[in-house]
Amino acid sequence: MRGRSGNKGSAAVALPREIWVLVGAAFVIAVGFGVVAPALPTFARSFDVGVTAASLVISLFAVFRLGFAPVSGRLVSRFGELRVYVVGLGISATSSALCAFATTYWQLLFFRAFGGIGSTMFTVSAVSLLVRLAPPEARGRASGSWATGFLLGNVAGPLLGGLLIGFGLRVPFLAYAGAVVVALVLTGVMLRGRTGLPVSADPTAASPATFRTAFEHPTYRAALAASFANGWVVFGVRVAMVPLFVVMVLREADAWSGYALGVFAVGNAATLMISGRWSDRSGRKPPVIAGLAVAAVATGVLGLVESLPVFLALSLICGVGSGLVNPAMTAAVADVIGAKARGGTVLAGFQMAGDLGAIAGPLVAGFVAEHAGFGWAFGVTGVISALALLFWVRAPETLPAGGGVAADDSIPDCVAAEAGPTSLATSPELAPVVVPAAPSTPRKNR
């Protein structure tokens, strides 16, 4: 599969209806998640707990996502994507509804953490469906469309959530539960009988791809590195560091933190579909390399600026870099798995890399900022993207030749080329934009 690229006719290939169902469901789920985002910290504080305890409600959700990801991957391989997807949505809806009726902080903490299990189940199974249902020559566009659905939902959700808070802090949780039920019905009805049998019940299915063998593929290792870096940049810098930098260093009003995050989202949204089409025509590597390079440079100098307009411009550029990386990176993972195999554990590992970056980013960047300054914190984040870039420079291209041949042999082909002719005999088988705060008096006039 080394060096095979080039598909000039990918734009003419229509995406299957099932892909658009997944895109619509992603939008509905993201709207619901965004509705809860503005209310969750305040709702947690309403139980007379401190900021740290309120933050734990948010962090524990991510921890449960991370911890349950390997189990979700095995469930997908055993029972099939649609079943796991629907059950995951059911768990998420139940969790959100229970949060609305929580009477103690510990109930809220438990119910929210329980939702993390459902979140990772429907995320892993949705990406696995994208891998199998999207034509090989349109995997980039499919990934870009799905990511765009989530992004647009994350933009609309917090705005709607800010309005619903006026009716009570519990109302957004009920709205999220309702949105997830809508997505559950949408996918359960429209995808039933159209996603194939689970591997355990399908005698014609290829053996499930395993994380161990996929990890021997250099492009998969590069995807893990890029996923980790993207999680670090998006959550470590965009969510944790940007608001603090705007207020503490630029000395601007709190509202500008929300505007800076919104500018990042605009840059991200503007390039997701472009990256998908680019990766389907010219290969997965060019958009990923370009995106990581842009993110590394723009993020690395972000902490050195002293002008708000320049800071906003760089935030836009950072969003562009992130948008270039995501669809092509996901498409490359799909190429590694192939169209006939189920890769639940491979996709779970890919998701876990991003979650690890999202967890480590805020902790490391916050520590560096507190002890060495924001300039160093942003600089370290730029280095993380640059290191991921080095992985991709050496990785082989995985786009099927002419876009018409599925990359089912990409793992064994690449392992054989990297490790020698005996490798095949010894190798085992083979997913928030912050609502701007109310304007406050700027700390410094500009």
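Determine, for each peptide in 13-21, 265-273, 312-320, the mean count of other beta carbons within 10 angstrom over its residues, then list the peptides with the highest first.
Peptide ranking by packing, descending: 312-320, 265-273, 13-21.
Starting with the highest mean, order 387-396, 86-95 by the number of other Cβ atoms within 10 Å, averaged over the residues of each peptide.
Ranked by mean Cβ neighbours within 10 Å, highest first: 86-95, 387-396.
Distance between the C-alpha centers of the range 100-117 and the range 251-298? Whole Å please.
Centre-to-centre distance over Cα atoms comes out at 34 Å.
Read-outs throughout are calculated quantities, based only on the coordinates presented, and are distinct from any laboratory measurement. The model shown is predicted, which means the values in this text are computed figures rather than measured ones. Counting neighbours? That spans all protein chains shown, and the Cβs are built from the backbone with ideal geometry, glycine included.
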